[in-house]
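Derivation of every value follows stated rules applied to the coordinates shown; laboratory data play no part. Note that this is a predicted model, so its numbers are computed, not measured. With ideal geometry, Cβ positions are generated from the backbone for all residues, glycine too; neighbour counts draw on all protein chains shown.
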Amino acid sequence: MRQLIYQELIIVSDLERSAEVFQFGPKKNLILGKRNKVGKTSLCTSLMWSLGGQVSFPPKWKELQIKTLVKFVVAGENYSILRTKDNISIHKESTNDYFTYEKITGGYAKKLAEIINFEAYLKHKNSKYYSPAFPSAQLLPSFIHSDKGWGDIYNSFTDLRAYSLFEKKYVIEYLIGIRGNEFFGPRKERSQLEQSIEKYEIRVANITEVQTSITDFLNINYDNNDVNDLDFLLEERSFLKHNINIAKSEKYELRKQIGLIKKAESDLFEDYIFATNDIDCGGIICPTCGVQHENDIVNRFSILDEREVLIESRKAMELELHEIDIQIKESQHKIDKLTAKIALEEKISDLPPSFERLIAGSSNYVKKMFNPVIEQLIDSEKKVSLRLKSI
C-alpha cells in the first residue's frame, strides 16, 4: 500500500448553512479536546466518511445534509475527493481528470484501490464474484472508532459485516504482509474471467432469442380469411390505452399532492431558520398568529421531526409516481408492439396466397446467418473457461 497524507478536510452542512475547514500537517497530527463530546470522534469519522468509509454517526447527523471535500497526497500526486451521500467524485490534480461515481462500491472502490495500491480482492456475502475491497476495508489500518472499534476493529465500519469471517481474516493477513498479490492476483483474474463467461452466455442467449423470433415470424401461418387475431389485437390495444389514461389521472393527482407537501416542507424549514435566528432568547413570537412559543432545542428539533415525516411521505409518493411512470412506459411499449402487429396483420391480409410459399425456405437462411456468430461466442467462452480452470 502507498502512504496517504491528508492535507485538508472541508465539512459543509446545507441545513445549517455552515462549514468547517481542518488543515493537517505533513507528518503527525494530534486532535485534542478539553472534555468529551466536543467533536474529536466526529472529525475522525468525517475524515473516513469523506474517503468512502461507512461509519456510525449520531442520529441527527443525516439531517444536517453533510458534504465533504478532502484533499490528500499519494506518491507525490495531489488528489481531492468530494462526497455527498453516496455520490462521490475524485479529482487528480496533475492531469485534471475527474472520476464520478453514484455509489462507494464497484468503480469507486476499484479507483481508490488503484490510487493507494490496495491489491486485496474480496467476496462479500451477496456477491458471486471477487471484487475490489470496500473502501472501509482499505481504510481499516487508519481508523479505530472510539466507541465501537476497540473490542473488534471491524466494528469501526458498518459495512464490513458484509464479509465472512474468512474474508475479514484475509484483509488482516494482507495488511500485515502474510498474503500478497500471489494470493489475490488469481482472485482478481478469476473474477474477470467469470464475468466474461457470464457476458458471453448472455450474448449467446440474446442472439438465440433474436434468431428464434425471426424464425417464428417467417413460419407464421398466413390465412387471409382469419380476422379473429386482428380483432383481438385491436381490443387489447384499446384496453391498454384505457389503462394509460387512468394511470395519467393518478399521476396528475399525485403530483398535486407532492407539490403541496413540498410547500409544507419549505414552510417548516423557514420556521426552523426563523427559530435558530433567535436561539438566545427563551421564547419566540409567531409572526403569523402572534402566539409565543418555547424556543429550546427540543422544540426546534420537533420542527425538523415534522419536516422529516413530510419528507418520508413525499418520498413514498415519488416512489409511487415512479412506479406509475414505469407502468405507463411498459403499457406504451406493449401498445407500440401491438400497433406493429396490427399493421403487419393488415398488410398480410392483402397479400396473395403465394406469399406463404415464397418465404417457406427463409428459416434456413436465418440459421446460416446467426449460427457462425453463436459458434464464435461459444468458442470464446470455452477458451475463457479453460483459462479459468487453470488458475
What's the FRET efficiency of I378 with S249 using the Cβ-Cβ distance as r and R₀ = 51 Å, to the nearest 0.05?
0.50
Taking 0.36 nm per residue of separation and subtracting the Cα-Cα distance, what length does fully extending E346 through L321 add?
5.3 nm
Between segment 160-209 and segment 72-105, how many Å separate their Cα centres?
24 Å
Simple label model, 7 Å out from Cα along Cβ direction - E182 to N371, nm
5.0 nm
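By counting other Cβ atoms within 10 Å of each Cβ, how are L234, L32, L69 ranked from fewest to most?
Details: L234 14, L32 6, L69 19.
The order, fewest Cβ neighbours first, is L32, L234, L69.
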Packing-based exposure ordering (other Cβ within 10 Å, fewest first) of I144, I326
I326, I144
Violations at 25 Å Cα threshold for listed pairs K67/K251; K111/K199; K40/K123; K128/K199 -> K67/K251; K40/K123
Fewest-first sequence of H145, H242 by Cβ atoms within 10 Å of each Cβ:
H242, H145
Multiply the residue separation of K27 and N78 by 0.36 nm, subtract the distance between their alpha-carbon atoms, and state the gained length in nm to one decimal.
16.8 nm
